[in-house]
Amino acid sequence: MSDQEHPADTSSQAAQRAEQRWASVSVVIVVLLAALAAVFGIIHETMPQARVETVDPRQASISGEFIESNLGSALEPDGSVTVRALGQRYSFTPSCITVPTDTPITIRATSADVIHGILIEGTNINTMLIPGYISVITAQFQTRGERLMPCQEFCSVGHEGMWGKVKVIDKAEFKTLADKSKRVSCVGE
Ligand code: CUA
């Protein structure tokens with residue numbers, strides 16, 4: 001029997017065959033991963049995420065949703081509040097945001113120049129403002145009071161001085177302000 005005559009040869013042949021098999025398996029895995037990356041890359045390119053909202057940063061303060069008169073807090077017909085804010089070197093507009101207690105709040109913000117960040121002290125709100133994109137954050141505040149809102153992305157020499165404020169006021173008090181003015185803020189208070 002040849003198997004017994006040349007046991008070393010056959011076992012090395014078997015080892016070689018096994019090696020080739022596993023080598024082909026790893027090549028197939030690599031090809032498959034590359035194909036997946038290509039397919040998802042193409043899908044992502046042709047069909048961007050459904051909820052990404054974009055805005056032209058050069059036009060942000062001139063026309064559309066983020067013009068100055070539209071910034072601040074708006075009471076919606078369903079009782080929720082939408083806050084619109086714009087970050088630019090080195091301030092937020094409005095620099096003081098007023099929100100009511102016990103109310104669903106949606107913050108919509110973007111940047112007119114470079115990447116800034118919004119962080120609201122004492123909450124888990126911490127997001128980047130990326131020029132060209134609208135950051136949407138939902139929040140609810142239970143207690144009244146003032147919270148600091150620093151820019152948390154280094155945006156150049158004035159970064160340290162880029163601070164905003166969030167003032168949480170009573171729900172009824174907010175309603176009174178919203179009845180008087182379409183956009184509420186605490187700038188200049
Ligand atoms: Cu804006 Cu740091």
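The values are calculated or read from the model by the stated rules, or taken from the named source; none is laboratory data. Model, not experiment: these values are computed from the prediction. Please note: Cβ atoms are built from the backbone with ideal geometry, for glycine as well, and neighbour counts cover all protein chains shown. The protein model used for the area step is the full one, side chains on, heavy atoms only, and it has no ligands, DNA or RNA in it. Shrake-Rupley method; radii C 1.70, N 1.55, O 1.52, S 1.80 Å.
One table, with the values for the structure above:
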quantity	calculated
Of Ile62, Val157, Gly188, farthest towards positive along the dipole that unit charges on Lys, Arg, Asp, Glu beta carbons give the chain	Gly188
Taking region 90-154 and dividing mean pair separation by its residue count, relative contact order in percent (alpha carbons under 8 Å, at least six apart)	39 percent
Most to least packed among 14-27, 94-107, 56-69, 158-171 [average Cβ atoms within 10 Å]	94-107, 158-171, 56-69, 14-27
The chain - percent relative contact order, Cα under 8 Å, separation 6 or more	20 percent
Rounded FRET efficiency, nearest 0.05, which uses the C-beta distance separating Phe40 from Ser156 and R0 of 41 Å	0.70
Accessible-area value, Arg147, 1.4 Å probe, nucleic acids and ligands omitted, Å²	50 Å²
As computed over region 68-180, the Cα convex hull volume per residue (Å³)	93 Å³
Spread of Cα-to-Cα distances over 10 Å intervals beginning at zero, given as percent, for the chain	9, 27, 23, 11, 8, 7, 6, 6, 4, 1, 0
Crossing angle, helix 171-180 versus the chain [Cα axis fit, 0-90 degrees, rounded to tens]	70 degrees
Angle between the chain longest axis and helix 7-46 axis [Cα atoms, degrees, rounded to 10]	20 degrees
Relative contact order for region 68-180, counting Cα pairs under 8 Å that sit 6 or more residues apart, in percent	28 percent
Nearest-20 debye value, the chain charge dipole, Cβ charges on Lys, Arg, Asp, Glu	740 debye
Partnerless Cys - the chain, beta-carbon criterion under 4.7 Å	Cys151, Cys155
